[in-house]
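Report on the following structure.
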Amino acid sequence: MKTIIIDDEAKARKTIMEILKYSNEDIKVVAEADGVETGFEAIMRHKPELVLLDINMPDGSGFDLLKKLPSIGFKLIFITAFEQFAIKAFEFSALDYILKPINPMKLINSVKRVSELVKSENLSLKLNALFSNLNMQDKRNQKIVLHTEKRIHIIETKNIVHCQSDGGYTTFYLIDNKKITVSRNLKTFEELLSNCNFFRTHQSYLINVDYIDYYNKHDGGYITMQNGIEIPVAQRKKEQFLSILEKINNS
């Protein structure tokens, strides 16, 4: 892959170069750049297949650079020292990123992952979701990118009623009665959605608290969601769940 490294720190670029030498991927670094303008020129000139892009640079951000491009036909890995919320935004948008200081194995694994993609995999869609999430005032309602075998779905978290686990797969149940199944486990989404008003009631269920219809205390206790689906509450989760209900009643 023809690769460009864009980072304002010469030391960081050198570190990335050294790490890439130990990667088993067929990588050829065709250019380096230290900012938005030089990075733009390098991309337009060399037409890379992979770009490793820093976020904060003296003449603007990596996002500014991407918005300047007439089209994006390359694979992308962000290099960032961003705050935690921005990291969450990358994860919601299913974009590859590496944190500074750079961990060699994580960079190698990320390069391997993007190398295996047949194409840039609708990068523009993912970037649109990222920009939307970064600019959103209500951080509880973000756009999440979900990969299925045939499609990439961009879903607003407020439209998810609940998620159900089936081994290494997770099915999303949406307010319009659609279902989307992805090949990632429920724990991944529990961590991602933890600040978006979601609660793990059971090892197989993650619910959007906003869509609770009522809680039935009988038969061990279960929740009926607004779509009519009944969700069990594990015994070890009951006290925490009742505490959430109390907060809802008092709000």
Being among the hydroxyl-bearing types (Ser, Thr, Tyr) and either touching a residue at least 12 places away in the same chain (Cβ under 8 Å) or in a helix (DSSP H, G or I) (or both) is the filter here, so list the residues in the range 172-215 that pass it. TYR173, THR181, SER183, THR188, THR201, SER204, TYR205, TYR211, TYR215
Out of VAL161, VAL118, VAL114, report the one residue that is modelled with pLDDT under 90 and more than 27 Å from ALA81 (Cβ to Cβ). VAL118
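Of all residues in the range 1-49, count the ones that are part of a strand (DSSP E or B) and either in contact with a Pro (Cβ under 7 Å, 6 or more places away or on another chain) or buried (at least 22 other Cβ atoms within 10 Å of the Cβ) (or both).
The qualifying residues number 7.
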Condition check: surrounded by fewer than 14 Cβ atoms within 10 Å (Cβ to Cβ), assigned by TED's automatic domain parsing to the domain that holds GLU9 and at pLDDT 90 or above. Does PRO70 satisfy that? yes
In the range 232-247, residues that are over 19 Å from HIS202 (Cβ atoms) and of a type outside the set (Asp, Glu) total 1
If we scan the range 158-168, do we find a residue that is in a loop (DSSP other than H, G, I, E, B) and not acidic (Asp, Glu)? yes
Do we have any residue at all in the range 75-92 that's farther than 23 Å from THR157 by Cα and assigned to a loop (DSSP other than H, G, I, E, B)? yes
Consider THR80 against the criteria (1) closer than 19 Å to ASP8 by Cβ; (2) at pLDDT 90 or above: it satisfies all of them except one. Which criterion is unmet? (2)
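The values are calculated or read from the model by the stated rules, or taken from the named source; none is laboratory data. Since we're looking at a predicted model, the values are computed, not measured. Glycine gets a Cβ as well: all are built from the backbone with ideal geometry, and neighbour counts include every protein chain shown.
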